[in-house]
1. Enumerate by residue number the GluC sites (Glu not before Pro) in the stretch 65-104 meeting two conditions: DSSP loop (anything except H, G, I, E, B), and at most 12 other Cβ atoms within 10 Å of the site's Cβ.
2. Please give the length that would be gained between Ser11 and Arg86 if that part of the chain were fully extended, namely 0.36 nm times their separation in residues minus their C-alpha to C-alpha distance (nm, one decimal).
3. If you keep only loop residues by DSSP, which trypsin sites (Lys or Arg not before Pro) in the stretch 41-135 have at most 14 other Cβ atoms within 10 Å of their Cβ?
4. Subtract the Cα-Cα distance of Ile109 and Ala33 from 0.36 nm times their separation in residues, and report this length gain in nm to one decimal.
5. Out of residues 5 or more away from Ser62 or on other chains, whose amide H comes under 5 Å of its own, with H placed 1.01 Å from N in the peptide plane?
6. Using a 7 Å offset from the Cα along the Cα-to-Cβ direction at both Met79 and Asp43, what is the distance between the two label points in nm, to one decimal?
7. Give, rounded to the nearest 20 debye, the magnitude of the charge dipole that the chain has about its Cα centre when Lys and Arg contribute +1 at Cβ and Asp and Glu contribute -1 at Cβ.
8. By how many nm would the segment from Phe123 to Tyr65 lengthen if fully extended, with 0.36 nm per residue of separation less the alpha-carbon distance?
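Bear in mind these aren't lab numbers, they're just calculated from the coordinates by the rules spelled out. Note that this is a predicted model, so its numbers are computed, not measured. Cβ sites come from the backbone with ideal geometry, for glycine too, and all protein chains shown count toward neighbours.
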Amino acid sequence: MSGTGRIGEISEDAIHRLVDTFYGKIRRDPELAPIFHRAIPGDWEPHLATMRAFWSSVMLTSGRYKGNPMIKHIRLEGMQPQLFTRWLALFGEACEELFEPEIGEAFRIRAARIAESLKLGLFYKPGQSWPPAVA
């Protein structure tokens, strides 16, 4: 860690802190909290453990995550394309709070790619303009 208290390397501990910080923000967010609370009405620890494994696989190529994010998101009631903008903003806040700039940027780049892939998979329909118009 540097003198600023920010994390200067990607590690399992850093991922753990990021996931916990980010989902703390999600749980308090007026736009995203209702969607997540419907999907996770009780104990959040299994979801957090899955997200730690996911980000470990993404950032450390650990292979710990074995799920299918697209299937999980298809099932979410209330998902809209514009919510990914809020998701990315909260993720960026967590990265800025925790990491040295270059590490935070590495996470943000991956998160933006993941968000775009999910948006395309969930909402893209051939023959319609992209991105979809916000209602």
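1. Details: sites: Glu77, Glu93, Glu96, Glu97, Glu102; in loops: Glu77.
Here the sparse-neighbourhood loop sites are Glu77.
2. Working: separation 75, 0.36 × 75 = 27.00 nm, distance 2.55 nm.
Net length gain for the segment: 24.4 nm.
3. Working: sites: Arg52, Arg64, Lys66, Lys72, Arg75, Arg86, Arg108, Arg110, Arg113, Lys119; in loops: Arg64, Lys66, Arg75.
Answer in residue order: Lys66, Arg75.
4. On the way: separation 76, 0.36 × 76 = 27.36 nm, distance 2.34 nm.
So the chain would gain 25.0 nm between Ile109 and Ala33.
5. Long-range HN contacts for Ser62: Ser57.
6. With each label point 7 Å from Cα toward Cβ, the separation is 2.5 nm.
7. Working: 17 positive and 16 negative charges, 124 e Å.
Once rounded to the nearest 20, the dipole reads 600 debye.
8. Values: separation 58, 0.36 × 58 = 20.88 nm, distance 2.42 nm.
Separation in residues times 0.36 nm, less the Cα-Cα distance, equals 18.5 nm.
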